[in-house]
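Beneath this line is the structure, given in structure tokens, with notes to follow.
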Amino acid sequence: MLKYYCDMCGKHINMNIDGVTLLFNAQGLSMRNAVNEDKHLCIDCCNKVKGFIAQSAEKQ
């Protein structure tokens, strides 16, 4: 059995219950030294990221 930890806060997460996989990729963007990454987050940190994205979109 694999153990997952949140990449933001380090909390142990169960991917079937309270885990989220967040995918970052540079497809369609011109980013220097960009790599494709998968991050595992807990529900609380996922909500923080979604809030940050929503606030950033509102500013534009």
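Going residue by residue through segment 24-36, is there one that turns out to be surrounded by 11 or more Cβ atoms within 10 Å (Cβ to Cβ) and modelled with pLDDT of 85 or more? No, that holds for no residue.
The one condition from (1) at pLDDT 90 or above; (2) in contact with a Leu (Cβ under 9 Å, 6 or more places away or on another chain); (3) not in a loop (DSSP other than H, G, I, E, B) that M8 does not meet is (3).
The values are calculated or read from the model by the stated rules, or taken from the named source; none is laboratory data. What you are looking at is a predicted structure, and each value in this text was computed from that prediction instead of being measured. No Cβ is skipped: glycine too gets one built from the backbone with ideal geometry, and neighbour counts run over all protein chains shown.
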